[in-house]
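Read through the structure below, which is laid out as structure tokens, and then see the notes.
The values are calculated or read from the model by the stated rules, or taken from the named source; none is laboratory data. All figures in this text were calculated on a predicted structure; none of them were measured in a lab. Virtual Cβ from ideal backbone geometry, glycine too; neighbours counted across all protein chains shown. Each accessible area value is taken on the protein alone, full model and side chains, heavy atoms only, with ligands, DNA and RNA left out. Shrake-Rupley method; radii C 1.70, N 1.55, O 1.52, S 1.80 Å.
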Amino acid sequence: MSILNRLSYLALGATVLTSAGVAHADDTPILSGDPLNGAKLYAQECAACHGANGRGGRTGVALTSSDQLNPIRDIQMYAMIEKGAGLKNPGEHALKSKLKYLEIWDTVAHVRTLHMTIADFFANASRYVAKEYTIDKYGLQRVEENGGVRLKKKDQSAAVFTFFDFEGEQGALQFVPQDPIRLDQLKKDKKAGYLVFLPFKTKGFDGEIGVAMDPRGVITKLAVHSSKKGAELLNKSQSRFEGMGRKGQKTPFKVSGGKSMAKLAKDVFPVYLRAMETVTMYDREERERTWADD
Amino acid sequence: MGERSPPVRIIKSLAHLAALPLCFGLLFGASNAAAQPFADGPDGKTETKPKPKRRAWTVKEGQFAYSLEFNPGIPDPNKVVEIHVFATKIPSTPHPRYGNRIPLKGATFTVEAFNPAGESVGRFRAHALPLQAGRYGLHITPTQEGIYELIIAGKSAEGEQLKARLKMPVKVWPLPKELEGSGADVGGGPRRRAPVVKKR
């Protein structure tokens with residue numbers, strides 16, 4: 001199936017999900033460009049190195065990792081495509097002479113379809129912060145005791161996206177840099193939730209999962225990228241975990257639905273614990289930052 | 001006696017020369033005459049104008065006016081259309097430099113597209129075009145034939161609400177009556193008048 005066809009189906013799926021008979025849906029994610037045109041441009045200019053489906057190629061890195069690509073904001077990705085900003089060999093990646101201003105934005109929009117985006121989980125949030133955290137030894141111990149998994153060195157870190165709601169800014173999804181003055185505006189009572197992308201393996205699926213939680217640690221959404229094989233069914237099954245979990249959860253999830261659901265619950269739980277422990281690291285930093293507020 | 005006298009030959013060749021334009025006239029005149037009855041098409045309908053390369057449409061909502069330029073003017077399904085939005089504010093008294101259309105700098109807005117069935121096909125961010133005050137651009141690839149609806153929604157730099165609705169015909173040509181023209185009659189297009197204060 002060609003990228004264009006796949007995109008059309010994705011767009012159709014998104015339309016079905018978001019329109020639902022509503023004339024105007026505010027929670028529709030905002031696209032930085034036209035992904036359909038972006039797919040054509042990607043095939044011309046990028047696919048040779050990054051692969052036709054973005055899974056990496058001879059020289060280009062994979063563009064399918066939500067954990068690695070979401071911390072790169074749209075404007076940064078634009079600069080990367082335009083003049084190779086932030087890359088080792090900027091000249092090799094500068095496509096300014098080949099792509100026009102709006103075409104670069106279309107390419108950015110297409111690259112965003114190759115992985116899950118933060119807007120898929122918190123489309124209505126106002127601001128967010130993103131930072132990578134490493135689970136400390138106490139957290140690793142808890143994951144091992146409760147989830148029965150010993151995390152390897154490379155699995156101990158993940159990016160945590162924390163979202164905040166501000167009156168009148170719904171859907172703006174403005175990035176807040178690690179600047180003390182701007183971070184000070186992000187009060188606990190405005191927190192909308194957390195999002196962590198982690199590797200996930202279960203029967204018939206090997207890829208990445210997005211774990212979205214509210215400020216108490218309750219799962220609000222579990223999802224895998226819709227282009228993956230069996231993603232639709234898996235996402236449907238995973239929706240049954242919504243409302244489960246809390247900070248400090250020790251007991252595995254229990255869901256009805258036979259052996260297959262029990263297996264899924266068994267596979268999801270360690271991933272949830274890992275996400276929770278990464279979020280705990282964010283919380284600790286936030287406590288240090290806001291201890292004087294209370 | 002078998003040989004003709006030179007004057008006779010001259011007269012004959014002149015007669016042939018005179019007959020040439022007549023032949024041409026008969027040939028082409030006849031073909032023109034044959035084409036004449038079908039000039040408006042076999043049904044007698046008038047020929048449709050070619051699709052415009054670019055099409056402009058202006059909408060006015062409250063104190064704001066949006067002049068949109070579509071390229072191509074009438075897009076085809078699965079072909080990208082470039083939309084430039086010239087967002088302006090209508091002041092209560094004319095601005096000394098911009099007249100009665102002040103370009104909106106630093107506005108953030110999106111354009112949501114609805115297909116002919118009324119389903120949302122995406123909310124596209126309008127990007128400020130470099131070095132063009134008040135001008136924003138975006139691309140949309142419509143996938144269906146028919147009339148799309150576009151909804152502009154966002155905020156100006158001062159936090160004022162921006163909202164407007166308009167139609168985008170896709171492979172619809174000639175246009176229905178309500179989409180003919182530039183739309184400028186609803187609120188007046190951008191003023192072409194010289195600025196009140198001239199630059200020195």
Label zone at B:Thr108 (point 7 Å along Cα-to-Cβ), backbone N below 18 Å, region A:111-144
A:118-130
Could you work out how far apart the two model spin labels at A:Glu285 and B:Ala117 are, taking each label as a point 7 Å from the Cα in the direction of the beta carbon, and quote it in nm?
4.5
Assuming R0 = 41 Å, what is the FRET efficiency of B:Leu131 and A:Ala292, from their Cβ-Cβ distance, to the nearest 0.05?
0.35
Solvent-accessible area lost in complex, 40 Å² minimum, residues of region B:115-134 relative to chain alone, 1.4 Å:
B:Ser120, B:Arg123, B:Phe124, B:Arg125, B:His127
Per 10 Å bin, what is the whole-percent P(r) computed from every C-alpha pair distance within region A:183-235?
23, 41, 23, 12, 1
Rounded to the nearest 10 Å², what accessible area does A:Lys221 show when all protein chains are kept and the probe is 1.4 Å?
70
Counting other Cβ atoms within 10 Å, which chymotrypsin sites (Phe, Trp or Tyr not before Pro) in region B:92-168 have at most 16 and lie in a DSSP loop?
none
Roughly speaking, to the nearest percent, how much of region B:55-187's 1.4 Å accessible area is carbon and sulfur?
50
Using only Cα atoms, find the angle between the long axis of helix A:3-19 and the longest principal axis of chain A, and express it within 0 to 90 degrees, rounded to the nearest 10.
50
Between B:Lys163 and A:Lys137, what FRET efficiency comes out of the Förster formula 1/(1 + (r/R0)^6) with R0 = 51 Å and r the beta carbon distance, rounded to 0.05?
0.40
Along the Cα-to-C-beta direction of B:Lys53, a point sits 7 Å from the Cα; which residues of region B:65-84 have their amide N less than 14 Å from that point?
B:70-74
Computed FRET value (nearest 0.05) for A:Asn53 with A:Lys88, which takes r as the C-beta separation and R₀ as 25 Å
0.55
Under a plain spin-label model, where a point goes 7 Å from the Cα along Cα-to-Cβ, how far apart in nm are A:Phe166 and A:Lys263?
4.7
Ignoring solvent entirely, what values of log10 I(q)/I(0) come out of the Debye formula for region B:55-187 at 0.12, 0.22 Å⁻¹ when each Cα is a single scatterer?
-0.45, -1.40
Accessible surface of region A:82-205 [probe 1.4 Å, protein heavy atoms]: carbon and sulfur percent:
50
Alpha-carbon centroid distance for the pair region B:106-173 / region A:189-249, whole angstrom:
32
Rounded to the nearest 500, the 222 nm mean residue ellipticity computed for chain A from DSSP H runs (n ≥ 4, each -39500 (n - 2.57)) alone is -11500 deg cm²/dmol
For region A:138-294, dividing by residue count, accessible area per residue (probe 1.4 Å) in Å² works out to 54
Interface A:B - total buried accessible surface [probe 1.4 Å, Å², rounded to 100]:
2000
